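Okay, so here's the structure we're looking at.
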Amino acid sequence: MIPDKTLVEKDVYHAAPEVVQGAHVPNFQKYKELYSQSIEKPEEFWGKLAKEFYWKTPKTDKFLDYNFDHTKGKIFIRWMEGATTNICYNLLDRNVHEKKLGDKVAYYWEGNDPEDCMQVTYKELLQQVCKFANVLRAQGVKKGDRISIYMPMIIELVVVMLACARIGAIHSIVFAGFSADSVCERILDSHCSLLITTDGFYRGDKPINLKQIADEALRKCRERNFSVGKCIVVKHLGVTEATGATDETCTDRASSNTQSPPAKRSCYNLQITWNADVDIWWHDLMKEASDKCEPEWCDSEDPLFILYTSGSTGKPKGVQHTVGGYLLYTATTFKYVFDYKPDDVYWCTADIGWITGHSYLAYGPLANGATSVMFEGIPTYPNVSRLWEIIDKYKVTTFYTAPTAIRLLMKYGEDPVKKFSRASLKILGTVGEPINPEAWLWYYNVVGNRKCPIMDTFWQTETGGHMMTPLPAAIPLKPGSATFPFFGVLPAILNESGEELEGEAEGYLVFKKPWPSIMRTIYGNHQRFESTYFKKFPGYFVTGDGCKRDKDGYYWITGRIDDMLNVSGHLLSTAEVESALIEHAAVVEAATVSHPHPIKGECLYCFVTLRDGHEFNETLIAELKDQVREKIGPIATPDYIQNAPGLPKTRSGKIMRRILRQIARNEKDLGDTSTLADGTVIEELFNNRCRTA
Ligand code: WTA
């Protein structure tokens, strides 16, 4: 797997000397050495890294225990079981007290509106977290309780998650773009005892009444006989509950009563309803709370959080991560993949509602004592230079974003980028979906001025941290390849019969050994965990992604090979979208496939079969789109809906999505159709095609 020396040619990008200088892993040889150690002696390798953190009771005996083979018994993974620590203590107290980083900025917060910004130091963050941890305890929250969090990208979101971690409560963050149904479903699945939300926020110039959606979610929970105890509401936009008028106290928030300059906040007019039995204002609770709070000492294997991700049956899976392994792995990947140095200013544009935000906007950077930018807004508001302006404003050195954002901004050409110098940038990163070489080159040439290596990081909610990724100085880059495995990661490519393929090959991407931050279970459904990830190929963790290895040993992720779709880097399952469509009275059957999209990467193309007596027209299409938005959220809105009087099926009744994908693309060569039960539907489906972009 050593890249051939002659690869300095076209299409392979080597690190510039300034990237190599002082790098944690300066060359490929060093990467190989460390990688071999991590695979041959994982306990020693990770044991050494674990010593950088505080353990109340350190690990003395078996560091790792696991079973990946369901034919030999229950699947389990345990890293450092028996050792105790607190992740919040490691992220905050250790940095403030031991490392003396109290006055270092933890976050520069940049609001939706450019003039709306503030900063929070490590010391201030610790105080706020302790206060809110005390609030949670006063509300009766105990270790192991599940707390639902439905908030936009504001500092309080980090405060809440770390406060949960401090007292051993399990946070379940729901992305603020999800619908009331989605919030309700997630609250019910893990029986959350408390909901923490926000009055509202702006996405660009669009106001979002988050409290109203949260109210709706709680109403839906009550209809299904479940009530959360309380709903704590952060006043972010500054509304009053009675009239909905703007409120002079809108700067009276967590971070503005710290020593940082008070935040300049815009106040907007937003109407929210208030249910005094359930709702409590955050600032009322925080006023009295003490800023000293003893952490709960947790076992390394205690659950840290649940994060829901789409599942192929349509029901989201509550991916559960644990304290010790997750701390170790997110901290280590952050340090090496972004070649972190203490003076860096790091910016990850992902929302904390996704795993990227959890691992690389909260836990990973804070574990390293890093300074991060947290951005509430969107790349195109108030104009399409916003990201580059922010990079110059905070002198960002390390910028981590999604291919979909790059493709979106590419559309506007180079001028909006070149208005700003971006001189501070050293390292770029991408995550969420395969990056097409065209976007990679634009990112490299235009954004990074040909001097910043791009870390194309492949990983999943389930893996907790980066799996296949370059390292800035050590691994020459090929546009579109996630290159090589990170330390401790042992990938393999399998064929359909489960045989490992060597050398140049293409097949299922699997992992043969556990790494510290692998998910431990699906909340409340260990069996589903075993069958989803371990059943198909005993002894391997199955990612659900296809993968190619080239002649130089580089890995290229080819995309999902299960019933999953990746829209703008967000995973959705076909089943989830189909069940939302079928709930409409006019629809008897639905099938969803992915369709290429110039910006989103993939978009949804849906086929619906109508009940007798219903007409397929624009009104129905609009209703169906609304239906999906309401059931799942705006990210799942289908781009295309086509009328399908019949669907192509096998004789056993399974919908042949492969054929539907070809129809959506107007590709007449359908391959092998011998298993198709009734070929006559095909022509009509071609005739009814939507005109696609
Ligand atoms: C896809 C996001 C290609 C992949 C961290 C994976 C990628 C799914 C990449 C997980 C990448 C993520 N190259 N594909 N660099 N990163 N993916 O759980 O299909 O939201 O299985 O985690 O995104 O999405 P998830």
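Here the Karplus curve 6.51 cos²θ - 1.76 cosθ + 1.60, taken at θ = phi - 60°, turns the phi angles of the stretch 615-631 into couplings of 9, 8, 8, 4, 4, 5, 4, 5, 5, 5, 4, 4, 4, 5, 4, 6, 6 Hz, with x standing for Gly and Pro. Rolling a 1.4 Å probe over the protein heavy atoms gives the stretch 52-123 an accessible area of 43 Å² per residue. Can you pull out the GluC sites (Glu not before Pro) in the stretch 371-459 that DSSP calls coil and that have at most 14 other Cβ atoms within 10 Å? Here the sparse-neighbourhood loop sites are Glu414.
Report note on the peptides 439-451, 505-517, 537-549: ranked by the mean count of other C-beta atoms within 10 Å, highest first, their order is 505-517, 537-549, 439-451.
Solvent-accessible area per residue in the stretch 607-693 equals 56 Å², computed with a 1.4 angstrom probe and all protein chains kept. Here the chain is treated as an ellipsoid with the same Cα gyration tensor; its semi-axes, largest first and in whole Å, are 36, 33, 26. Prolate is the label for the stretch 551-596. Its Cα gyration tensor axes, ordered a ≥ b ≥ c, give a/c of at least 1.5 and a/b above b/c.
Classify the stretch 430-538 as rounded, prolate or oblate from the Cα gyration tensor: take a ≥ b ≥ c as the square roots of its eigenvalues, call it rounded if a/c is under 1.5, otherwise prolate when a/b beats b/c and oblate if not. Cα axes put the stretch 430-538 in the prolate bin. Bridges between two residues of the chain, per DSSP, are antiparallel at a rate of about 60%. Phi angles across the stretch 42-54 convert, under the Karplus curve 6.51 cos²θ - 1.76 cosθ + 1.60 with θ = phi - 60°, into 3J(HN,Hα) values of x, 5, 5, 4, 6, x, 5, 5, 5, 5, 6, 10, 8 Hz, Gly and Pro given as x. Applying a DSSP loop filter and a limit of 11 other Cβ atoms within 10 Å to the trypsin sites (Lys or Arg not before Pro) in the stretch 264-369 leaves Lys292. Could you pull out every residue, at least 5 positions away or on a different chain, whose amide H is within less than 5 Å of the one on Gly204? Hs are placed 1.01 Å off N in the peptide plane, and Pro or chain starts have none. Result for Gly204 returns Ile378. Averaged over its residues, the stretch 283-417 has an accessible area of 27 Å² per residue, based on protein heavy atoms and a 1.4 Å probe. Annotation: amide H-H contacts under 5 Å for Met455 (H modelled 1.01 Å from N, sequence separation of 5 or more, or interchain): Leu428, Gly429, Thr430. Among the trypsin sites (Lys or Arg not before Pro) in the stretch 601-693, those located in a DSSP loop and surrounded by at most 13 other Cβ atoms within 10 Å of their own Cβ are Arg611, Arg651, Lys654, Lys668, Arg691. On a 26 Å Cα-Cα criterion, which of the cross-link pairs Lys74/Lys513; Lys292/Lys395; Lys393/Lys451; Lys426/Lys512 come out too long? Cα-Cα > 26 Å for Lys292/Lys395; Lys426/Lys512; rest within. Taking the Cβ of Asp61 as the center, what net charge do the other residues with Cβ under 15 Å away carry, scoring Lys and Arg +1 and Asp and Glu -1? Once all neighbours under 15 Å are counted, the net charge is -3. Using C-alpha pairs below 8 Å separated by at least 6 residues, the relative contact order for the stretch 87-207 is 25 percent. Backbone geometry of the stretch 114-122 corresponds, through the Karplus equation with coefficients 6.51, -1.76 and 1.60 at θ = phi - 60°, to 3J(HN,Hα) couplings of x, 7, 9, 8, 6, 9, 10, 8, 4 Hz, x marking Gly and Pro. Computed in the context of the full set of protein chains, the accessible area of the chain at 1.4 Å probe radius has 49% of its extent on carbon or sulfur. Each Lys or Arg adds one and each Asp or Glu subtracts one; over the other residues with Cβ under 15 Å from the Cβ of Thr637, this totals -2. Residues whose amide H comes within less than 5 Å of that of Cys117, counting only those at least five positions distant or on another chain, are Gly111, Lys264 (H built at 1.01 Å from N in the peptide plane).
The values are calculated or read from the model by the stated rules, or taken from the named source; none is laboratory data. Everything numeric in this text was worked out from a predicted model, so none of it was measured. All Cβ positions, glycine included, derive from the backbone under ideal geometry; neighbour counts span all protein chains shown. Accessible surface areas use protein heavy atoms only, side chains included; no ligands, DNA or RNA. Shrake-Rupley method; radii C 1.70, N 1.55, O 1.52, S 1.80 Å.
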